[in-house]
Amino acid sequence: MKTKFLLIGLVAISFCSKAQNSTVEKNITGAQIGLFGLDFYNESRLADKIALRAEASLFPAIWGGDLYGKTGFAFYPALTLQPKFYYNIGRRAEKGKNTKNNGANYLGLQVRYIPNWFVISNTENVSLSNQINFIPTFGIRRNFSENFNYEFKAGLGYGTTFGEKFNNSGAVLDLSIKVGYDF
């Protein structure tokens, strides 16, 4: 009789527990917001531990001080492609940690294009130079609640501007701390 209850209990527990995924999700779509911008993204699986993230972003800029008549702000668009290698997703799954929606550490190579399409600003005649950036990144993505996530990433890479006026190249820092929702 005890073995019958034990067997029924084990079967019930196995149905109630969620299986951890040791590979990246097939497809994730969501939005993230933080101090350094707003992203709408899609991550698609390329291999067991590799995903390709495509995102459209809106980044903020602020300026002011003694040299300017007033404090200014602007929002400008960016498009990014980033292959991500989730190097510890299998180990996290083996330990029973939450890997839903690619909750793991990753290494990535971000290719970001910042076009001079539009600028939303409180100052007139604000424009950008077209830019392209190549930034190797390290990131941590974790999930909480059902579909919410937070992500930290940091990277240092190379960027260049191009256009009719001038070309300029140099180091580009990418730092991001965001909270998001996966649809």
Not counting ligands, DNA or RNA, and with a 1.4 Å probe, what is ILE50's accessible surface area in Å² rounded to the nearest 10? 60
With Cα atoms, 0 to 90° folded angle of helix 2-16 axis to the chain main axis: 20
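Provide the gained length on full extension for the span ASN125 to PHE73, in nm with one decimal, where the gain is 0.36 nm per separating residue minus the Cα-Cα distance. Mind dumping the intermediate values first?
Values: separation 52, 0.36 × 52 = 18.72 nm, distance 1.25 nm.
Gain on stretching ASN125 to PHE73: 17.5 nm.
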Run the helix sum for the chain: -39,500 (n - 2.57) per DSSP H stretch of 4+ residues, divided by residue count, reported at 222 nm to the nearest 500 deg cm²/dmol. -3500 deg cm²/dmol
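Rg to Rh for the chain: what is it, with Cα atoms only and Rh by Kirkwood? Mind showing how you got there, number by number?
Details: Rg = 21.4 Å, Rh = 18.7 Å.
Ratio of gyration radius to Kirkwood radius for the chain: 1.14.
Above 16 Å lies some portion of the pair distances; for segment 97-183, what is it as a whole percent of all C-alpha pairs? Show your work: numbers first, answer last.
On the way: 2420 of 3741 pairs.
Taking all Cα-Cα pairs of segment 97-183, the fraction more than 16 Å apart is 65 percent.
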How far is the Cα center of segment 50-65 from the Cα center of segment 81-140, in Å? 9
In the structure displayed, which of LYS26/LYS153; LYS49/LYS100; LYS49/LYS84; LYS70/LYS178; LYS26/LYS95 lie more than 19 Å apart, Cα to Cα? LYS26/LYS153; LYS70/LYS178; LYS26/LYS95
Calculate, for the chain, the solvent-accessible area per residue in square angstrom, rolling a 1.4 angstrom probe over the heavy atoms of the protein chains. 61
On the accessible surface of the chain, probed at 1.4 Å with all protein chains in place, carbon and sulfur together account for a percent value of 64
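The values are calculated or read from the model by the stated rules, or taken from the named source; none is laboratory data. Quick caveat: nothing in here was measured; it's all calculated off a predicted structure. These area figures cover heavy atoms from the full protein model, side chains too; ligands, DNA and RNA do not enter into them. Shrake-Rupley method; radii C 1.70, N 1.55, O 1.52, S 1.80 Å.
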